[in-house]
1. Name the residue, out of LEU40, LEU7, that is surrounded by 18 or more Cβ atoms within 10 Å (Cβ to Cβ) and touching a Leu at 6+ places or on another chain (Cβ under 6 Å).
2. Looking at ALA234, ALA195, which is the one that is touching a Cys at 6+ places or on another chain (Cβ under 7 Å) and either within 26 Å of VAL101 (Cα to Cα) or among the aromatic types (Phe, Trp, Tyr) (or both)?
3. Out of everything in region 58-87 that is out of contact with any strand residue (DSSP E or B) (no Cβ under 8 Å at 6 or more places or on another chain) and of a type outside the set (Gly, Ala, Ser), what residue ends up being surrounded by the fewest Cβ atoms within 10 Å (Cβ to Cβ)?
4. Residues being at pLDDT 95 or above and among the β-branched types (Val, Ile, Thr): count how many of those fall in region 12-23.
5. Among the residues of region 1-16, how many are of a type outside the set (D, E, K, R), in a strand (DSSP E or B) and closer than 17 Å to VAL242 by Cβ?
6. Would you check if ALA169 is of a type in the set (Gly, Ala, Ser), buried (at least 17 other Cβ atoms within 10 Å of the Cβ) and not in a helix (DSSP H, G or I)?
7. So, of the residues in region 219-258 that are of a type in the set (A, V, I, L, M, F, W, C) and in contact with a helix residue (DSSP H, G or I) (Cβ under 8 Å, 6 or more places away or on another chain), which turns out to be surrounded by the fewest Cβ atoms within 10 Å (Cβ to Cβ)?
Amino acid sequence: MMVRSALIQTTCSTDKEENIARHLELIEEAANEGSQITCLQELFSTPYFCQVQDAKWYSQVEPIPGPTTQRMQEVAQRHSMVLVVPLYEEEASGIYYNTAVVIDADGTLLGKYRKTHLPHLPGFWEKFYFRPGNLGYPVFETKYGRVGVYVCYDRHFPEGARVLGLQGAEIVYIPSATSRGLSMHLWYIEQTAHAIANGYFVGTINRVGQEEEFGPNDYYGSSYFCDPRGQIIAQASDQEEVLVADLDLDLVRTVRNEWQFYRDRRPDAYGEIIAP
């Protein structure tokens, strides 16, 4: 089964409505290119405010379902498009998560993934803003395939990526806000490794440009799709872009039959991984 998918990488301002409006334009562009599953970048409606610790950004939270998810459900239904929409979620007063919502092609809100692993160091003060995710690693049965989500810093941890594969994911989307620095060389290593180890497609997104209010961080784009063999099949530049690729989901079964990593796993021998 061939599925056409899009990744949207762009810049973000401090104006939430402006960011949403720009993404709606880019979703329209993806629809015009035939995208059936489109993923937006991490915290798509805001700048990556975690570069500082400032309580004013708590005002950007919203419930799920809520006003932005409602708009995105209408867009998904209009284009018969699955959408992966990362948002700053408010579960209750003072309880906030870095969340990605998955909306099916008929506009149904299928569920959400909450970012599990949170960095807390200069430039990435995420524990100031979010609680760690508590929903596990769900896989969503969409009209066009089985979709999982991992978010940014999660990609440094292979355990969740493995669970998504064991849960049957065919495509795993990894929206991010990653600036130039020590982790740049990992951009191509870790996520292609997840695809190889688990036999699924990966679509990973990064922002582009600078968000001046937060200093000189430079988001370098380079969003890409890779196949279950870890081969990059489409890659974006360091500018705003809607990256579109055709994903042959039949390749998932082919690769898993060729490379029998699931058959040869030894979970009985991995107890030390979960030792306290």
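The values are calculated or read from the model by the stated rules, or taken from the named source; none is laboratory data. What you are looking at is a predicted structure, and each value in this text was computed from that prediction instead of being measured. Don't worry about glycine lacking a Cβ; one is built from the backbone with ideal geometry, like all the others, and counts go over all protein chains shown.
1. LEU7
2. Values: ALA234 fails: touching a Cys at 6+ places or on another chain (Cβ under 7 Å).
Unique residue meeting the criteria: ALA195.
3. PRO67
4. 1
5. Pass one, region 1-16, residues of a type outside the set (D, E, K, R): 1-3, 5-14.
Next, from what is left, pick out any that are in a strand (DSSP E or B): 2-3, 5-9.
Remaining after also requiring closer than 17 Å to VAL242 by Cβ: 3, 5-9.
Within region 1-16, residues that are of a type outside the set (D, E, K, R), in a strand (DSSP E or B) and closer than 17 Å to VAL242 by Cβ number 6.
6. Details: of a type in the set (Gly, Ala, Ser): yes; buried (at least 17 other Cβ atoms within 10 Å of the Cβ): yes; not in a helix (DSSP H, G or I): yes.
Yes.
7. We begin by selecting, within region 219-258, every residue of a type in the set (A, V, I, L, M, F, W, C); these are 225-226, 232-234, 236, 242-245, 247, 249, 251-252, 255.
From what is left, the residues that are in contact with a helix residue (DSSP H, G or I) (Cβ under 8 Å, 6 or more places away or on another chain) are 226, 232, 242, 244.
Numbers: CYS226: 24, ILE232: 16, VAL242: 22, VAL244: 19.
Only one residue tops the list, namely ILE232.
Here is a yes/no grid of residues against (1) at negative phi; (2) of a type outside the set (S, T, N, Q); (3) touching a residue at least 60 places away in the same chain (Cβ under 8 Å):
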residue: PRO63; (1), (2), (3): yes, yes, no
residue: THR68; (1), (2), (3): yes, no, no
residue: ARG78; (1), (2), (3): yes, yes, no
residue: ALA100; (1), (2), (3): yes, yes, yes
residue: ALA105; (1), (2), (3): yes, yes, yes
residue: LEU109; (1), (2), (3): yes, yes, no
residue: GLY136; (1), (2), (3): no, yes, no
residue: GLY145; (1), (2), (3): no, yes, yes
residue: VAL151; (1), (2), (3): yes, yes, yes
